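Asker: What follows is a single structure, and I will ask about it in a moment.
The values are calculated or read from the model by the stated rules, or taken from the named source; none is laboratory data. Note that this is a predicted model, so its numbers are computed, not measured. Cβ: placed from backbone, ideal geometry, glycine included. Neighbour counts: every protein chain shown.
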Amino acid sequence: MQNNLKNKILFLSHKEQQCGVYQFGRNIAEALGKSKKYSFIYAECSDEEEFKSIITTIKPTAIIYNYYSSTMPWLNKRVLLRINVPNIGIIHEVSQYIADRANDSIFDYHIAPDPTLLLKNPLVFKTGRLVPEYENSYELPKVPTIGSFGFGTAGKGFERLISTIQSEFDEVIIRLHIPFATFADADGSSARAISQRCKEIIIKPNINIIISHDFLDQKQLLDFLAQNSMNAFFYEQNNGRGISSVIDFALAVQRPIAITKSAMFRHLYSVSPSICIEDLSLKQILNNNFQSLTNYRREWSEANLIWDYERIIETVLSLGFKRKSLPRKIWSKLGVVFKKIESRKSEDLWKPTIGLGVIEQQLNKDETFLPVSIPDVSLFNRILDDNARVQYKPVIDSLFKLLPEAMARKIPEANIQQAFVLDTVLKYATRVLTPRILCIGSYDDTAAGALKKYGFMMDEVDPVLNYDLSTFMQKPSTIKSSYNIIFSTSVIEHVKDDELFISQIAELLTLSGIAVLTCDYNDQHKAGDSIPQEDFRMYTQKDFKERLLPLLKGCSLVDDPKWDCPNPDFKYAGCQYTFASFVFRKNEL
């Protein structure tokens with residue numbers, strides 16, 4: 001990693017500490033201070049004059065603003081026009097709608113701390129969350145203890161939480177921490193009113209409630225959460241709001257978490273088993289422990305957060321600062337192929353054994369969630385033509401039941417690829433108790449969507465969601481030889497360096513791990529023949545056997561391939577071709 005510590009990156013915030021925006025920014029800044037690539041400098045100010053003084057002293061190369069309109073009312077475009085460096089604002093109340101429409105009316109670029117965001121606007125960068133590093137040394141309470149915290153502002157749902165606890169438990173301790181908020185509840189009247197209402201709800205004699213209001217620093221807050229059996233947050237829907245930071249702290253202490261399906265918790269909707277009170281009871285969520293949240297805690301680590309910000313700064317500085325941004329150049333720097341992906345891709349070896357995997361947890365007496373398996377499959381490296389469409393029709397039909405809206409956007413003849421991938425991945429995944437799965441090109445991939453419906457957790461790589469495979473390989477949390485299954489549906493033909501792509505997949509596979517790929521294919525294709533505009537190439541047997549297979553050191557195809565196809569039966573963008581599968585495994589030593 002190139003050392004750019006001579007580049008001073010100012011991280012600017014306001015001064016009022018009893019504020020969620022302040023605490024979020026301070027935690028981010030403390031983490032960034034550990035960067036070995038850039039010199040991130042934290043500062044606080046209250047007005048324009050103080051801001052000018054800080055700029056004069058530090059002379060930053062770029063500035064990140066922990067911005068909220070009510071906490072920095074003095075900051076506007078007039079002020080920033082005098083600062084001849086890139087200005088990057090954090091969007092706290094971010095939604096997809098807001099991110100898509102963000103412009104340079106104040107800041108040159110934006111950072112959105114929302115893992116669910118789709119990267120459609122080249123002026124907006126996305127980061128993961130920051131889960132503080134914490135070692136929980138407290139023993140579990142002997143009496144079930146449920147905790148929650150948050151400022152005493154509207155929509156936090158403390159009263160609903162008390163009612164729900166009382167309906168499920170006869171003996172329990174409830175611990176609430178509701179500090180006063182400088183910008184919304186400075187005198188604490190709202191916090192005290194909420195406390196009183198919560199106390200009045202309780203009628204069972206063995207339910208004890210403890211409420212505190214004193215402001216806690218981060219260590220004290222984490223200790224508070226760590227001493228509970230579980231922590232619960234019952235926010236109202238709050239559509240259009242940003243991600244709430246309460247989950248970041250709750251994840252740190254590794255206790256079970258219960259939430260409502262509030263938009264502010266949308267980054268945890270896909271946790272399986274669910275942690276949403278709309279799906280499971282508090283007792284069920286408590287009994288499921290923390291296991292389903294482990295990957296989230298790992299993914300939103302300090303190291304990954306620093307990496308996210310370093311990538312953003314590197315991209316912004318490498319573009320060369322101009323007042324008018326160049327979106328295409330930004331996309332290029334991020335490693336995204338700036339081509340229109342048509343609706344075929346995205347527009348907006350064994351019988352499964354139910355009970356070995358996580359599918360059983362999703363059934364809920366709904367046969368929609370029962371996976372459809374194609375029996376007696378004897379060939380995995382093959383042509384995916386009309387014969388395959390007939391063979392895999394039951395899986396295609398199941399995809400329409402599981403994901404009707406997504407399937408309606410697809411070209412029908414191309415659905416054989418997702419059906420093949422889904423069936424093949426399931427055949428392997430159900431033989432592994434807790435498979436580690438990676439999907440490359442997951443955005444709007446119905447095979448990935450179906451696997452999520454079945455309850456499988458997976459890591460996802462896609463430039464629309466986060467980054468490309470090469471960038472993923474550089475991420476601090478990426479571990480080589482760690483995935484049991486890697487699948488990629490019709491992606492490799494869109495990748496400029498497919499040899500690096502396939503080699504990296506092999507690097508990521510664990511021993512006996514399997515990779516399942518499909519691609520655009522025409523064995524009669526010759527150099528100079530037309531191909532769809534979004535493709536870099538059309539694959540042939542020669543590509544597979546002479547270019548790709550020799551790169552897969554320590555790997556082999558799962559069977560003898562049958563890639564002969566004299567009559568391609570798919571037509572798209574004026575090109576006649578078909579699809580093929582490429583399935584290999586990493587050999588045991």
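Asker: Keeping to the stretch 142-168, report how many residues are of a type outside the set (Gly, Ala, Ser) and in contact with a strand residue (DSSP E or B) (Cβ under 7 Å, 6 or more places away or on another chain).
Answerer: In the first step, residues of the stretch 142-168 are kept if they are of a type outside the set (Gly, Ala, Ser); the result is 142-146, 149, 151, 153, 156, 158-162, 164-166, 168.
In the following step, the residues that additionally are in contact with a strand residue (DSSP E or B) (Cβ under 7 Å, 6 or more places away or on another chain) were identified as 143-146, 149, 151, 153, 158, 161-162, 165-166.
Qualifying residue count for the region: 12.
Asker: Another one. For the stretch 23-52, what are the residues that are over 24 Å from the mean Cα position of the chain (by Cα) and either of a type in the set (Asp, Glu) or in a helix (DSSP H, G or I) (or both)?
Answerer: Hits for the stretch 23-52 are Glu44, Asp47, Glu48, Glu49, Glu50, Phe51, Lys52.
Asker: If a residue must be out of contact with any Cys (no Cβ under 6 Å at 6 or more places or on another chain) and in a loop (DSSP other than H, G, I, E, B), how many such residues does the stretch 412-459 contain?
Answerer: Just the residues of the stretch 412-459 that are out of contact with any Cys (no Cβ under 6 Å at 6 or more places or on another chain), to begin with: 412-447, 449-457, 459.
If we keep only those that are in a loop (DSSP other than H, G, I, E, B) as well, we get 430-436, 441-445, 454-457.
Of the residues in the stretch 412-459, 16 are out of contact with any Cys (no Cβ under 6 Å at 6 or more places or on another chain) and in a loop (DSSP other than H, G, I, E, B).
Asker: I've got another one for you. Among (1) assigned to a strand (DSSP E or B); (2) modelled with pLDDT of 95 or more; (3) over 31 Å from the mean Cα position of the chain (by Cα); (4) not polar (S, T, N, Q), which single condition is Lys6 missing?
Answerer: All conditions pass for Lys6, except number (2).
Asker: Suppose we filter the stretch 433-455 for residues that are acidic (Asp, Glu) and crowded, with 24+ Cβ neighbours inside 10 Å; how many remain? Talk me through it step by step, then tell me what you get.
Answerer: Step one: filter the stretch 433-455 for residues acidic (Asp, Glu), giving 444-445.
With crowded, with 24+ Cβ neighbours inside 10 Å added as a condition, the list becomes 445.
The total comes to 1.
Asker: Here's a follow-up. Tell me, yes or no, whether the stretch 37-49 has at least one residue that is farther than 26 Å from Ala252 by Cα and surrounded by 23 or more Cβ atoms within 10 Å (Cβ to Cβ).
Answerer: Checked the stretch 37-49: no residue is farther than 26 Å from Ala252 by Cα and surrounded by 23 or more Cβ atoms within 10 Å (Cβ to Cβ).
Asker: Are any residues in the stretch 267-282 in contact with a Pro (Cβ under 9 Å, 6 or more places away or on another chain) and surrounded by fewer than 18 Cβ atoms within 10 Å (Cβ to Cβ), and if so, which ones?
Answerer: Asp279, Leu280
Asker: Where in the stretch 155-265 are there helices (runs of 4 or more DSSP H), lying fully within it, with 2 or more residues that are assigned by TED's automatic domain parsing to the domain that holds Thr294 and of a type in the set (Gly, Ala, Ser)?
Answerer: Numbers: elements: 158-168, 189-201, 218-226, 246-252.
Counting at least 2 such residues, we get 158-168, 189-201, 246-252.
Asker: Of the residues that make up the stretch 129-138, is at least one among the aromatic types (Phe, Trp, Tyr) and modelled with pLDDT under 95? Write out each step before concluding.
Answerer: Narrowing the stretch 129-138 to residues among the aromatic types (Phe, Trp, Tyr): 134, 138.
Those left that are additionally modelled with pLDDT under 95: none.
No: the stretch 129-138 contains no residue that is among the aromatic types (Phe, Trp, Tyr) and modelled with pLDDT under 95.
Asker: Then there's this: Filter the strands (runs of 3 or more DSSP E) completely within the stretch 484-580 down to those with at least 2 residues that are of a type in the set (Gly, Ala, Ser).
Answerer: On the way: elements: 509-521, 555-557, 570-572.
Correct list: 509-521.
Asker: OK, next. If you check Asn76, Asn66, which single one turns out to be within 13 Å of Leu12 (Cα to Cα) and either at pLDDT 90 or above or of a type outside the set (D, E, K, R) (or both)? Step through it out loud before you land on a result.
Answerer: Numbers: Asn76 fails: within 13 Å of Leu12 (Cα to Cα).
Of the residues listed, the single one that is within 13 Å of Leu12 (Cα to Cα) and either at pLDDT 90 or above or of a type outside the set (D, E, K, R) (or both) is Asn66.
Asker: Are any residues in the stretch 99-141 within 19 Å of Gly25 (Cβ to Cβ) and among the hydroxyl-bearing types (Ser, Thr, Tyr), and if so, which ones?
Answerer: Once the filter is applied, which keeps residues that are within 19 Å of Gly25 (Cβ to Cβ) and among the hydroxyl-bearing types (Ser, Thr, Tyr), the stretch 99-141 yields Tyr109, Thr127.
Asker: Within the stretch 87-122, restricting attention to residues that are surrounded by 23 or more Cβ atoms within 10 Å (Cβ to Cβ) and aliphatic (A, V, I, L, M), which residue is nearest to Leu465 (Cα to Cα)?
Answerer: Only one residue tops the list, namely Leu117.
Asker: Only one of (1) modelled with pLDDT under 95; (2) touching a strand residue (DSSP E or B) at 6+ places or on another chain (Cβ under 6 Å) fails for Asn466. Which number is that?
Answerer: (2)
Asker: Within the stretch 59-75, does at least one residue satisfy the condition of being touching a Leu at 6+ places or on another chain (Cβ under 6 Å), among the β-branched types (Val, Ile, Thr), surrounded by fewer than 19 Cβ atoms within 10 Å (Cβ to Cβ) and more than 25 Å from Phe180 (Cα to Cα)?
Answerer: no
Asker: Let me ask another. What number of residues within the stretch 460-483 satisfy the criterion of being buried (at least 21 other Cβ atoms within 10 Å of the Cβ), out of contact with any Gly (no Cβ under 8 Å at 6 or more places or on another chain) and not in a loop (DSSP other than H, G, I, E, B)?
Answerer: Qualifying residue count for the region: 1.
Asker: A follow-up question, please. Select from the stretch 152-192 the residues that are among the aliphatic types (A, V, I, L, M) and either at pLDDT 95 or above or surrounded by 21 or more Cβ atoms within 10 Å (Cβ to Cβ) (or both) and list them in ascending order.
Answerer: Scanning the stretch 152-192 gives Leu161, Ile162, Ile165, Val172, Ile173, Ile174, Leu176, Ile178, Ala191.
Asker: Take the stretch 258-274 and flag every residue that is of a type in the set (Val, Ile, Thr), within 16 Å of Pro115 (Cβ to Cβ) and modelled with pLDDT of 95 or more.
Answerer: Going through the stretch 258-274, the residues of a type in the set (Val, Ile, Thr) turn out to be 259-260, 271.
With within 16 Å of Pro115 (Cβ to Cβ) added as a condition, the list becomes 259, 271.
Selection gives Ile259 alone.
Asker: Here is a further query. Can you tell me how many residues in the stretch 447-458 are in contact with an Asp or Glu (Cβ under 9 Å, 6 or more places away or on another chain) and modelled with pLDDT under 95?
Answerer: Result for the stretch 447-458: 1.
Asker: Can you tell me which residue within the stretch 553-580, out of those that are at pLDDT 95 or above and within 33 Å of the chain's Cα centre (by Cα), is nearest to His525 (Cα to Cα)?
Answerer: Thr578
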